[in-house]
1. Given the conditions (1) touching a helix residue (DSSP H, G or I) at 6+ places or on another chain (Cβ under 7 Å); (2) assigned to a strand (DSSP E or B), and given that S53 satisfies all but one, which numbered condition is not satisfied?
2. Working only within region 62-102, note down all residues that are under 13 Å from I27 (Cβ atoms) and of a type outside the set (F, W, Y).
3. Just checking, which of D61, D35 is on the phi < 0 side of the Ramachandran plot and surrounded by 13 or more Cβ atoms within 10 Å (Cβ to Cβ)?
4. Starting from region 55-82, take each residue that is free of Cβ contacts under 8 Å to residues at least 12 places away in the same chain and list its partners that are among the small types (G, A, S), counting only C-beta distances under 6 angstrom and pairs at least six apart or across chains.
5. Among R71, R66, which is the only one that is charged (D, E, K, R), surrounded by 14 or more Cβ atoms within 10 Å (Cβ to Cβ) and within 15 Å of W32 (Cα to Cα)?
6. Six or more apart or on different chains, Cβ under 7 Å: which pairs go from a residue in region 93-115 that's at pLDDT below 95 to one that's open to solvent by 20 Å² or more (accessible area, probe 1.4 Å) and assigned to a strand (DSSP E or B)? Could you list them?
7. Of the residues that sit in region 76-115 and are of a type in the set (D, E) and open to solvent by 50 Å² or more (accessible area, probe 1.4 Å), which one is farthest from D35 (Cα to Cα)?
8. Out of all the residues in region 95-102, is one or more farther than 17 Å from Q3 by Cβ, over 11 Å from the mean Cα position of the chain (by Cα) and among the aliphatic types (A, V, I, L, M)?
Amino acid sequence: QVQLRESGGGLVQPGGSLRLSCAASGIIFSSWSMDWYRQAPGKQRELVATITSGGRTNYADSVKGRFTISRDNAKNTVYLQMNSLKFEDTAVYYCHVLRLGYDYWGQGTQVTVSS
């Protein structure tokens with residue numbers, strides 16, 4: 001059974017930083033691309049960042065240069081380092097993996113950017 005568990009969200013001031021973590025179980029973690037999505041109130045869920053099994057990364061234009069996705073295959077964990085946070089980064093952040101045609105999601109972690 002695939003399980004994804006996010007942590008690390010919270011309240012931060014504009015310009016601040018947070019690091020999100022997603023611990024995966026039930027999969028051969030190193031074999032799969034991992035994603036971070038986010039969903040703000042009243043908006044559709046959007047893809048924030050992807051890291052392939054080989055370590056290639058891709059980012060939404062809105063977070064390029066501010067967010068960094070990384071993975072530690074020994075710990076079955078994917079991270080999202082978020083710097084220079086803006087009000088518009090406020091959202092629930094979800095970890096995701098598409099495995100054998102099935103989408104798996106974590107429960108989400110709230111990130112609130114507020115002064």
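1. (2)
2. At the first step, the residues of region 62-102 found to be under 13 Å from I27 (Cβ atoms) are 71, 73, 76-78, 95-100, 102.
Correct list: R71, N73, N76, T77, V78, C95, H96, V97, L98, R99, L100.
3. D35
4. Filtered contacts from region 55-82: Y59/A49.
5. Details: R66 fails: within 15 Å of W32 (Cα to Cα).
When all the criteria are applied, what remains is R71.
6. From region 93-115, no pairs qualify.
7. Ranking the qualifying residues of region 76-115, first place goes to E88.
8. Looking for residues that are farther than 17 Å from Q3 by Cβ, over 11 Å from the mean Cα position of the chain (by Cα) and among the aliphatic types (A, V, I, L, M), one finds none in region 95-102, hence no.
The values are calculated or read from the model by the stated rules, or taken from the named source; none is laboratory data. Predicted, not measured: the structure shown is a model, and the values here were computed from it. FYI the Cβ positions are ideal-geometry reconstructions off the backbone, even for glycines, and counts take in every protein chain you see. Just so you know, the surface numbers come from the protein's heavy atoms only, side chains and all, with ligands and any DNA or RNA stripped out. Shrake-Rupley method; radii C 1.70, N 1.55, O 1.52, S 1.80 Å.
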